[in-house]
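Structure, as structure tokens:
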Amino acid sequence: MGSRDRGRSWHGLGMTVLGLAALLSGCGGGTGPAAAAQPAPSAPAGTTGWWKPSVDNSWQWQLRGTINTSYAVDVYDIDLFDAPDATLAALKAKGRRVVCYFSAGGSEDWRSDFGQFLPADMGNPLKGWPGERWLDTRSANVRRIMLARLDLAAKRGCDGVEPDNVEGYSNNPGFPLDAASQIDFNRFLADAAHARGLAVALKNDSVQLDALGAAFDFAVNEQCHEFNECGAYAGFIAAGKPVLNAEYASSYALNTAGARDALCQSARAARMHTLVLPLQLDDSLRFSCD
């Protein structure tokens, strides 16, 4: 969940930011099946549209712990499986849009549907995230499971979804995934979400924005400010699609030498909605640039 290994060491960073939480808590293998065997992203007839997020939408992102529903934001991003029905109902009663997170490109051995993955579906471990392994996103079985997760999101009343780990091709998944197979899978997810009346976020994968931007309604990005990658989203934002950004660096949390002030100035200038959060996304600290 949350930030992923994109050739960088997130785990040590996470421990640093988690340590800050106590200080700042008051601040609230083998090749897979051929693509021809894959299921279609269809849904029951009757779905005619979905929520279109606004470029000005503010947000909160919490995947662990009891969800703090008190933030006056437009969008909440919460866990598809773990968030109680009462939490979704409380957020909806306040007029919040609810985005439901799930891992689309990685297995998590604690999920209720984990037993449906075949051994051949799962590849290398996700570095720094125990119990998680990369998935062969070309697999018909993997895609069937993801369709079921989208069905669950629609059934639970989610307004949109955040499918995570959708850039496995640029990591070391244990399968010969490439840019083309990643684009195919990500478009599959977007089409399937829309067929179910769900908005869909492109999680990271900014390198493929030119190919995928039209298919997605908004973006969830991690650390583009820290790694000077935010410029990739300029056209996406200009098209009226919001970018919801999270930063984890301790310098932002502590505002070292005005780092958070500069971060927020840059985020506002780019019309990007930036939060400074703990890597574990448990609401133990939060600073908003909105």
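For the reader, a short list of remarks on this structure follows.
- Test result for N245, more than 19 Å from the chain's Cα centre (by Cα) and more than 20 Å from R138 (Cα to Cα): no
Let's see how each residue does on (1) among the charged types (D, E, K, R); (2) in a helix (DSSP H, G or I):
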{"site": "A211", "(1), (2)": "no, yes"}
{"site": "A214", "(1), (2)": "no, yes"}
{"site": "A219", "(1), (2)": "no, no"}
{"site": "G231", "(1), (2)": "no, yes"}
{"site": "A253", "(1), (2)": "no, yes"}
{"site": "D261", "(1), (2)": "yes, yes"}
{"site": "R271", "(1), (2)": "yes, no"}
{"site": "L285", "(1), (2)": "no, no"}
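- Scanning the stretch 76-121 for residues that are part of a loop (DSSP other than H, G, I, E, B), surrounded by fewer than 19 Cβ atoms within 10 Å (Cβ to Cβ) and in contact with a helix residue (DSSP H, G or I) (Cβ under 7 Å, 6 or more places away or on another chain) yields D113, L118.
- Residue list for the stretch 167-186, filter: under 24 Å from D77 (Cβ atoms) and out of contact with any Leu (no Cβ under 7 Å at 6 or more places or on another chain): E167, S170, N171, Q182, F185
- Counting only residues that are surrounded by 19 or more Cβ atoms within 10 Å (Cβ to Cβ) and in a helix (DSSP H, G or I), the stretch 155-177 holds 2 of them.
- Among the residues of the stretch 48-75, the ones that are touching a helix residue (DSSP H, G or I) at 6+ places or on another chain (Cβ under 9 Å) and within 19 Å of L279 (Cβ to Cβ) come to 2 in all.
- Here is the figure for the stretch 90-102: residues that are aliphatic (A, V, I, L, M) and over 15 Å from the mean Cα position of the chain (by Cα) total 3.
- Among the residues making up the stretch 103-141, those that are aliphatic (A, V, I, L, M) and either closer than 27 Å to D85 by Cβ or over 19 Å from the mean Cα position of the chain (by Cα) (or both) are A104, L118, A120, M122, A140.
- Test for N228: is it farther than 19 Å from V99 by Cβ and of a type in the set (S, T, N, Q): yes
- Candidate set: the stretch 240-275, residues that are of a type in the set (A, V, I, L, M, F, W, C), in contact with a helix residue (DSSP H, G or I) (Cβ under 7 Å, 6 or more places away or on another chain) and within 20 Å of D74 (Cβ to Cβ); chosen: the one surrounded by the fewest Cβ atoms within 10 Å (Cβ to Cβ): A270
- Residue in the stretch 178-186 that is among the small types (G, A, S), touching a Lys or Arg at 6+ places or on another chain (Cβ under 9 Å) and surrounded by 24 or more Cβ atoms within 10 Å (Cβ to Cβ) present: no
Read-outs: derived from the displayed coordinates by stated rules, not from any lab. Predicted model only: the values in this text are computed from it and were never measured. In this analysis, Cβ positions are derived from the backbone assuming ideal geometry, glycine residues included, and neighbour counts consider all displayed protein chains.
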